[in-house]
Amino acid sequence: GNSVTQMEGPVTLSEEAFLTINCTYTATGYPSLFWYVQYPGEGLQLLLKATKADDKGSNKGFEATYRKETTSFHLEKGSVQVSDSAVYFCALTSGGYQKVTFGTGTKLQVIP
Amino acid sequence: GAGVSQTPSNKVTEKGKYVELRCDPISGHTALYWYRQSLGQGPEFLIYFQGTGAADDSGLPNDRFFAVRPEGSVSTLKIQRTERGDSAVYLCASSSHSSSTDTQYFGPGTRLTVL
């Protein structure tokens, strides 16, 4: 079956530090890959996505590249801000099915 | 525009009781999904509707859980004979189409606590 593994948190960084949150996946067929973010007190929202190999998704300074050879979709940002503090979920859909398989989430805390 | 809304935002009930959770999707979205998120975990798929019909209910944990979407818009998740293990945040999402590449838009969730 499909599964997503992401690095455990919490991750604590100083403002302007470089961020990497690792994500690897197992899926049948050719999955679409997503990063969702959950800010404190808010609902899940899509951060970025990539639907085929070598695609790069980007939004709000965050990037992730769909690496089929390593089955990875690591999230990166060059300079984090306090406002980036949230829980980040790596996720996928696969095989034409609409249900999203999520990782367990990584909590990011950015301190001034 | 209006996003996905869910009511109530919080629900506390006693073991054995029946509960209903409501989801109002984004207007015009034909696909609707229910997920359950336990503390410290990612959301887990429960059921997916395309229009009025349940296209995939493989995530429902047992026959105490049931969901309907009679007019193809609002959906209700129904839980009978609640158990303490049902305590979680129940999330609803909708998308404009049913492709696996489409973005799902999530509501704020209903936090269910079973005492």
For B:S5, which sequence-distant residues (separation of 5 or more, or a different chain) have an amide H within less than 5 Å of its own amide H, given hydrogens modelled in the peptide plane?
B:D24
Once amide hydrogens are built 1.01 Å from N within the peptide plane, the residues lying 5 or more places from B:A67 or on another chain with amide H under 5 Å from its amide H are B:K78
Plugging the Cβ-Cβ distance of B:T113 and A:T70 into 1/(1 + (r/R0)^6) at R0 = 35 Å yields, to the nearest 0.05, a FRET efficiency of 0.30
Quote the relative contact order of chain A in percent (integer), defining contacts as alpha-carbon pairs under 8 Å separated by 6+ residues.
37
In peptide A:30-39, what is the residue-averaged number of other protein chain Cβ atoms found within 10 Å of each Cβ?
2
Surface accessible to a 1.4 Å probe, per residue, for the residues of chain A, Å²:
48
To check my understanding: the extent here is largest minus smallest coordinate of the Cα atoms along each principal axis. What are those three numbers for chain B, in Å, largest first?
37, 26, 24
I want to verify a result. In a Gaussian network model of chain A, Cα cutoff 10 Å, which of these has the top mean-square fluctuation: A:V80, A:V100, A:V37?
A:V100
Enter the accessible area per residue of chain B (Å², integer; probe 1.4 Å; all protein chains in place).
47
Note down the nm distance, to one decimal, between modelled labels 7 Å out along Cα→Cβ at B:N62 and at B:R84.
1.5
Pop out a list of residues from region B:30-67 that are at least 20 Å² less accessible with all the protein chains around than in their chain alone; 1.4 Å probe, no ligands or nucleic acids counted.
B:Y35, B:Q37, B:Q41, B:G42, B:P43, B:F45, B:Y48, B:D56
For the protein assembly as shown, the accessible surface attributable to carbon and sulfur atoms (probe 1.4 angstrom, ligands and nucleic acids excluded) amounts in percent to 47
Nitroxide proxy distance, nm - points 7 Å out along Cα→Cβ at B:Q50 and B:T101:
1.7
Over region B:14-65, what relative contact order in percent results from Cα pairs under 8 Å that are six or more residues apart?
24
Label-to-label distance, nm, for residues given as B:S27 and A:E42 (7 Å Cα→Cβ offset):
2.4
By DSSP, what percent of the beta bridges with both residues in the protein assembly as shown are antiparallel, rounded to the nearest 5?
90
Scoring only Lys, Arg, Asp and Glu (+1, +1, -1, -1) among other residues with Cβ under 15 Å from the Cβ of A:F73 yields +1
Hydrodynamic radius by Kirkwood, which averages 1/r over all alpha carbon pairs of chain A, in angstrom
14.0
Solvent-accessible area buried by B and A, counting both chains, probe 1.4 angstrom, square angstrom
1500
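The values are calculated or read from the model by the stated rules, or taken from the named source; none is laboratory data. This is a predicted model, so every value here is computed, not measured. As a convention, Cβ positions derive from the backbone with ideal geometry for all residues, glycine included, and neighbour counts pool all protein chains shown. All accessible areas refer to the heavy atoms of the entire protein, side chains included, with ligands and DNA or RNA removed. Shrake-Rupley method; radii C 1.70, N 1.55, O 1.52, S 1.80 Å.
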